[in-house]
Amino acid sequence: CDDPEELRRKVRELADAVCNAKHLVVYTGAGISTAASIPDYRGPNGVWTLLQKGRSVSAADLSEAEPTLTHMSIARLHEQKLVQHVVSQNCDGLHLRSGLPRAAMSELHGNMYIEVCTACVPNREYVRVFDVTERTALHRHQTGRACHTCGAQLRDTIVHFGERGTLGQPLNWEAATQAASRADTILCLGSSLKVLKKYPRLWCMAKPPSRRPKLYIVNLQWTPKDDWAALKLHGKCDDVMRLLMDELGLEIPPYSRWQDPIFSLATPLRAGEEGSHSRKSLCRSREEPGPEDRGAPRSSAPALGGWFGRGCTKRTKRKKVT
C-alpha cells in the first residue's frame, strides 16, 4: 500500500481527473467485491492463488453479499454525471443491486442473478433473487427452468474461460465498445487487467497516443497496464473511493435492501418451479426467508455458484493422445 499521505496526494490528483473528464469510464474487477466477503482470483488469498498452492477454497454464501462502499460510490458518481459507463468483469450482480442503471453498465462475464431464453427474439431475460448458476458450468449453461412464453430451456449468462460471450444482455458489449471509443479517461478499480487487456476494443490503442484516454489504476498488485497509467494508486478500493468521494464533496449513499432494485426487477418462479434450485434467496429482511425459499429443498453443501465453483478455474489443457 502507498503510505497514507502519499495515497491522499494521489487521490487529490485522481479527483482532479474525475472533475475534468469529459467522458469517464470505469472498469471494475473482483477487487471491488472483496469487502463483501467475495474472494478475488489473483490476490494473496484469491481463488486461483490458493488452488495453485494446493490449499482449499473456503465457501462463501453469495446471498449474504451486499454492494460495497465502492459499488455505492460508483452509483453516486454516475448519478452526478461524473461517470458515463461501467464495464465490469464481475458476475456477482452487485453493480445492479447498488442502483446503477442497466444501460450504464456492461457485465462482460455475465450476472449470477440473470437467466435468459435465447429462443425468444429478442432474448427474454429473467432476473431472479437467487443464484441461477447452481447447475451450470463450462459449456453447460442450462439452468433447469423453462421460458414462461415459449417453453424453451433457460440458460445462465456466465462467460467462462474458453468461451466467447455472445449474449446482448447483460454483457452489453455494444455499449462498452461505444463508451471506450468516446472515453478520455479510464479508471480501473480492483482488476489485475490480465483478462481485460485481451479486449483491444476497450483500450482503443489504434488511436494516436495524444488521443488515447488517460488511464488511472487502483490495485494493490502489478498490472500489465501499469506502464500506460497516468497514475497508479496502491490501496484497497474502498479506502481510495472513501477518500475520493470526500475530496469531491459527495456523500456515499448507504446500501438498503429495501431499495435494492433486484426485487422490483425479479420475475417470480411459477407454480411447480419452487424446487428447481437449492440456493438461498435474497430477501428484504435478513430475519425472514425469501419468497423463493418457501417449500424449496435446502442443500447441506456450502453455497457456491457454478460460476464461482466448478466454472471459476481456468480450463486445463488436454494432453495429446499419441
In nanometres, what is the gap between the two model label sites at residue 195 and residue 37, each 7 Å from Cα along Cα-to-Cβ?
-> 2.3 nm
Sorted by accessible area with a 1.4 angstrom probe, largest first, how do 37, 281 fall?
-> 37, 281
Ordering 2-12, 128-138 by per-residue average of other C-beta atoms within 10 angstrom, highest first, gives 128-138, 2-12
Restricting segment 201-246 to chymotrypsin sites (Phe, Trp or Tyr not before Pro) in coil, as DSSP defines it, with at most 16 other Cβ within 10 Å = 222
What percentage of the solvent-accessible surface of segment 169-292, computed with a 1.4 Å probe over protein heavy atoms, is contributed by carbon and sulfur atoms?
-> 50 percent
Interchain or sequence-distant (5+) residues whose placed amide H lies within less than 5 Å of the amide H of residue 233 are 217, 218, 219
Round to a whole angstrom and tell me the spacing of the C-alpha centers of segment 1-22 and segment 97-151.
-> 37 Å
Name the long-range amide H neighbours of residue 154: under 5 Å, sequence gap of 5 or more, or other chain; modelled H, no Pro or chain starts.
-> 143, 144, 145, 146, 147
Which value, in debye to the nearest 20, describes the size of the charge dipole of segment 138-273 about its Cα centre when Lys and Arg Cβ atoms bear +1, Asp and Glu Cβ atoms bear -1, and nothing else is charged?
-> 640 debye
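The values are calculated or read from the model by the stated rules, or taken from the named source; none is laboratory data. Quantities reported herein were computed from a predicted structural model and do not represent experimental measurements. Every residue, glycine as well, gets a Cβ built from its backbone with ideal geometry; the counts of neighbours run over all protein chains shown. For the accessible areas, the whole protein counts, side chains as well, though only heavy atoms, and no ligand, DNA or RNA atoms are used. Shrake-Rupley method; radii C 1.70, N 1.55, O 1.52, S 1.80 Å.
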